[in-house]
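Here is the structure we will look at.
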Amino acid sequence: MGKYFGTDGVRGVANTELTPELAFKLGRMGGYVLTKQTEKPRVIIGRDTRISGEMLESALVAGLLSIGAEVMRLGVISTPGVAFLTKALSADAGVMISASHNPVPDNGIKFFGPDGFKLLDHQEEEIERLLDSEDELPRPVGGDLGQLNDYFEGGQKYLQFLKQTVQEDFSGIHIALDCAHGAASSLAPHLFADLEADISTMGTTPNGVNINENCGSTHPEALAAFVLEKEAQIGLAFDGDADRLIAIDENGDIVDGDKIMFICAKYMKEQGWLKHGTVVSTVMSNLGFYKGLQEIGVEFKQTAVGDRYVMEEMRKGGFNLGGEQSGHIIFLDHITTGDGLLSAIQLVNIMKVTGKPLSKLAADMQTFPQKLVNVRVTDKNAVTDNAKVSTAINNVETQMEGEGRVLVRPSGTEPLVRVMVEAKTEELCNQYVNEIVNVVKEEMGLD
C-alpha cells in the first residue's frame, strides 16, 4: 500500500481526509496517468448513494476536465457497473466514488483502466508520485478543455449484460433483496423483476446518510428476519456499492461468500466450466471451505486478503472463479471485478436449474466455528512486529494442537486490526480470540 492508495483505491473520511481538493488532484493526476497517450480521452464516473458523493464527483470532474478529458457521468451505479461500462463503452478510464461497505462518513475513489480492471501497482505509484511532486501537467485552454455529459442509461446497459449470463428466468422463486440503501437500490429490484422473480425488498430508500446502516451484507441478520417474515426462498444482501453478496437461505441461515463460492464451484465443475478445476480465495476463507473443495475434487489457491490479490492470481493462473468470505466473488468469464448482482443471479440460477433449496446446496460444505473481532488501534501496521501479540498468537496455536488456526492482520481499508480464530467449538473460538484481542488492545488499542 502507498501513501494514498490502499488495497482498494483511495479512502478516508470525506471532507477531512478525502477532501475535494484531493479529489480534484486525483482527477488531474489519475486522469493524466491513465490517458496521457490519448489526445481526447474519455473517462466515465459513477458513485454510490452517500451524501459526500456529489461533492467528490464535482471535484473529480473538474480535475479531469482541466486536462482535456471528456467525462461521462453515470450517476448512482455499482462499482462493477463502472468496470463493465468502462470496457463496453471503450472509455479510456473509469472512476468509482464509493467506500463500499464502510459507514457513511467514509468515501473512496477507485480507478479502472480501459480493460475494466483495477489499476496495477506501478500505475498507482505514478499517480502518487505526481500527487506529491511539483510537476506541472498540461493545462489546455479554450476549445481544448474537456466536456461533461450525462449517461444515465448506463445502468440499463449493465443490467442487460447481467441478464444474458444466466440460462433460466426466475419465475416461481420468491427472493428477498436487501440493497443496503446503496447502489443496488434501483438496480437489483429491476434486475430480478426483469427475470420474473417474485421479490420483496428492504434497504431501497437511500437518503444520503443511511447507506449500510444496520442493513446490507455487513448486517445480514436484518435480511434473515425479513426472509422469515416474507417466507422467501432466498435472501440476497448487497453492500453499499453492490460488489459483495451475502445470501440467506429459506430457514433464515446465513450463506457467506465461502459457501456461495463452494456452491458455484461445484456446479461449474459439474458443467465443465471451472477452469483448471481450481478456485482462488484469500487466507480468510474457512477451513471447512477447503475441506469441502477437496471432497468434490476441486483444487484451490490462497492469496493475501484483498480482491486485488485474488484477481492477480486468477489472471496469472487462468482461473475463472475466486473471491472472499466477505462475499466479494469474481466470475472472470463475465466481468473484471467482484460483482454482487452477478453473484446473486448465478446463485439463484443454480437453485432454479438443480431444483434444490439454498439450504440443501449450502449443506454440502460444513463450516468450522469462526470468530472475527475488529480492534480499532493507533497504528494498525505495528501489529505485525509486536512481540507480545506474537507471543499471544503462539500460545493460542499451541493450545489448538492443529485443530484450528489464527489470523491477525491490519485492515486494508480502516484503522483496524482484524483478529480471526477458527476452532473446533464456538466456546474455544471465543476463548482464543479474546486472549489475543486483549493483548492487541493493551498494546495499541484506542479504547
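The values are calculated or read from the model by the stated rules, or taken from the named source; none is laboratory data. The structure displayed is predicted, hence computed values, not measured ones. Note that each Cβ is placed from the backbone with ideal geometry, even for glycine, and that neighbours are counted across all protein chains shown. Heads up: the accessible areas ignore ligands, DNA and RNA and are worked out on the full protein's heavy atoms, side chains in. Shrake-Rupley method; radii C 1.70, N 1.55, O 1.52, S 1.80 Å.
Taking SER90, SER285, SER343 as the candidate residues, the one with maximal mean-square fluctuation in a Gaussian network model of the chain, Cα springs under 10 Å, is SER90. Between the beta carbons of GLN167 and GLN294, assuming R0 = 35 Å, the FRET efficiency works out to 0.75 to the nearest 0.05. The spacing between region 220-244 and region 302-345, judged by their C-alpha centroids, is 21 Å. Rolling a 1.4 Å probe over the protein chains gives MET55 an accessible area of about 70 Å². Taken per residue, the accessible surface of the chain reaches 40 Å², heavy atoms only and a 1.4 Å probe. Projecting the Cα positions of ILE97, LEU137, PRO20 onto the charge dipole of region 6-162 (unit charges on Cβ atoms of Lys, Arg, Asp and Glu, taken about the Cα centre) puts ILE97 furthest along the positive direction. Taking the protein heavy atoms of the chain in the context of the full set of protein chains, the accessible area attributed to carbon and sulfur is 47 percent at 1.4 Å.
Phi-derived couplings, Karplus 6.51 cos²θ - 1.76 cosθ + 1.60 at θ = phi - 60°, listed residue by residue for region 310-324: 4, 4, 4, 5, 5, 5, 5, x, x, 8, 10, 9, x, x, 10 Hz, with x used for Gly and Pro. Computed from point charges on the beta carbon alone (+1 for Lys and Arg, -1 for Asp and Glu), the dipole magnitude for region 9-105 about its Cα centre is near 160 Debye. A cut-off of 5 Å between modelled amide H atoms, ignoring neighbours fewer than 5 places along the same chain, links THR282 with THR303, GLY323, GLN325.
Ranking VAL166, ALA183, ALA193 by how far each Cα lies toward the positive end of the dipole of region 165-268 (charges on Cβ) leaves ALA183 at the top.
If you take every DSSP beta bridge fully contained in the chain, what fraction is antiparallel? Give it as a percent rounded to 5.
Looking only at bridges with both residues in the chain, the antiparallel portion is about 55 percent.
Backbone phi angles across region 265-280, fed through the Karplus curve with coefficients 6.51, -1.76 and 1.60 (θ = phi - 60°), yield HN-Hα couplings of 5, 4, 5, 5, 5, 4, 8, x, 9, 7, 5, 6, x, 9, 10, 9 Hz in residue order; Gly and Pro are listed as x. Mean residue ellipticity at 222 nm, helices only, the chain: -12000 deg cm²/dmol; runs of at least 4 DSSP H residues each add -39,500 (n - 2.57), and the sum is divided by the number of residues. Think of the chain as a dipole: +1 on every Lys or Arg Cβ, -1 on every Asp or Glu Cβ, centred on the Cα centre; then among ASN381, TYR290, MET420, TYR290 lies furthest on the positive end.
Computing Cα extents along the principal axes in Å directly from the structure and comparing it against (i) 75, 49, 42; (ii) 69, 57, 42; (iii) 70, 54, 39 singles out (ii).
The GluC sites (Glu not before Pro) of region 369-440 meeting both criteria, a DSSP state outside H, G, I, E and B (loop) and at most 13 other C-beta atoms within 10 angstrom of the site's C-beta, are GLU401, GLU403.
With the cut-off at 19 Å, tell me which of the pairs LYS230/LYS371; LYS163/LYS275; LYS301/LYS424; LYS371/LYS441 have Cα atoms farther apart than that. From the list (LYS230/LYS371; LYS163/LYS275; LYS301/LYS424; LYS371/LYS441), the Cα-Cα distance tops 19 Å for LYS230/LYS371; LYS163/LYS275; LYS301/LYS424. In region 304-447, Rg over Rh equals 1.05, where Rg is the alpha-carbon radius of gyration and Rh the Kirkwood radius from pairwise Cα distances. Here the Karplus curve 6.51 cos²θ - 1.76 cosθ + 1.60, taken at θ = phi - 60°, turns the phi angles of region 367-384 into couplings of 9, 6, x, 9, 10, 10, 10, 9, 10, 6, 10, 7, 9, 5, 6, 5, 5, 6 Hz, with x standing for Gly and Pro.
If you place +1 on the Cβ of every Lys and Arg and -1 on the Cβ of every Asp and Glu, how big does the dipole about the Cα centre of the chain come out, in debye to the nearest 20?
640
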